[in-house]
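**Student:** Here's a structure for you.
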Amino acid sequence: MSIGSEAFRGCTALTEFAVPAKVTSIGNNAFQGCTALKKVTLPAGVHALADGLFLNCTSLSELSFDDLILSIGAETFAYCTSLTTMEIPATVTSIGNNAFLYCTGLTSLSIPDSVTSMGDKAIAGCTALTEVSIGSGLSQIPTRTFEGCKALQTVHLPAVTRIGYAAFSGCTALSDLYYAGSADDFAEVEILTDNEPLTSASFHSTN
């Protein structure tokens with residue numbers, strides 16, 4: 001029914017894992033450091049991706065899970081450098097700190113409207129990321145969210161009221177900002193320091 005925390009941590013020869021259908025919970029860091037793990041299939045009963053679940057799974061490229069996932073924990077996919085795509089279900093409401101930290105193979109990401117909470121540095125260091133879309137559920141962009149995403153060119157933002165410190169620091173390729181509001185609305189947004197790549201990008205209203 002459950003897989004405990006760190007259950008398969010450091011199983012460096014493990015390449016594929018199909019979690020049994022009866023399992024409803026998987027503990028923190030259960031697959032951390034499984035550096036050869038390429039494919040994981042999760043059953044419909046698992047509704048939360050625990051903290052550090054696939055931390056440092058550097059070969060992970062294929063993940064199948066049910067569309068009823070409600071949360072993605074802290075460092076869940078951190079350093080999953082072979083992960084190139086990720087379809088976040090429209091049921092997810094929260095994404096933890098460092099959730100996709102240094103997923104250097106990730107090229108695009110869409111955060112659905114259902115997400116109302118996202119932690120600091122959730123997508124930082126994703127150096128291949130070129131485009132990102134943030135859904136309407138977020139009212140602010142957390143600290144260092146996209147820090148170091150040096151290939152990021154296009155950002156789609158909802159009508160946020162605050163952009164945290166260094167949220168776009170190091171996003172040197174950022175050229176286009178699409179904002180769900182007018183230029184006057186964007187002028188009222190509280191933008192903390194070290195966000196020059198965003199403020200200097202070409203502004204486009206999607207209101």
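Bear in mind these aren't lab numbers, they're just calculated from the coordinates by the rules spelled out. What you see is a predicted model; the values in this text were computed from it and never measured. Neighbour counts run over all protein chains shown; Cβ positions are idealised from the backbone, glycine included.
**Student:** What order, most packed first, do the peptides 86-92, 7-13 have when packing is the mean number of other Cβ atoms within 10 Å of each residue?
**Tutor:** Ranking the peptides 86-92, 7-13 by packing returns 86-92, 7-13.
**Student:** Then there's this: Looking at the chain, I'd like the Rg to Rh ratio, where Rg is from alpha-carbon atoms and Rh is Kirkwood's inverse mean 1/r.
**Tutor:** My calculation puts Rg/Rh at 1.00.
**Student:** Please list the non-local residues whose amide H lies under 5 Å from the amide H of residue 48, H modeled 1.01 Å from N, same-chain partners needing a gap of 5 or more.
**Tutor:** Placed amide hydrogens put 70 under 5 Å from residue 48.
**Student:** Please report the orientation-averaged projected area of segment 1-69, defined via the convex hull of its C-alpha atoms, in nm².
**Tutor:** The directionally averaged projection comes out at 3.7 nm².
**Student:** From zero outward in steps of 10 Å, how is the percent of C-alpha pairs of segment 130-207 spread across the bins?
**Tutor:** 21, 62, 17
**Student:** Something else now. Which of the peptides 43-55, 72-84 is most tightly packed, and how do the rest follow, going by the mean number of other Cβ atoms within 10 Å of each residue?
**Tutor:** Highest-to-lowest ranking by the protection proxy: 72-84, 43-55.
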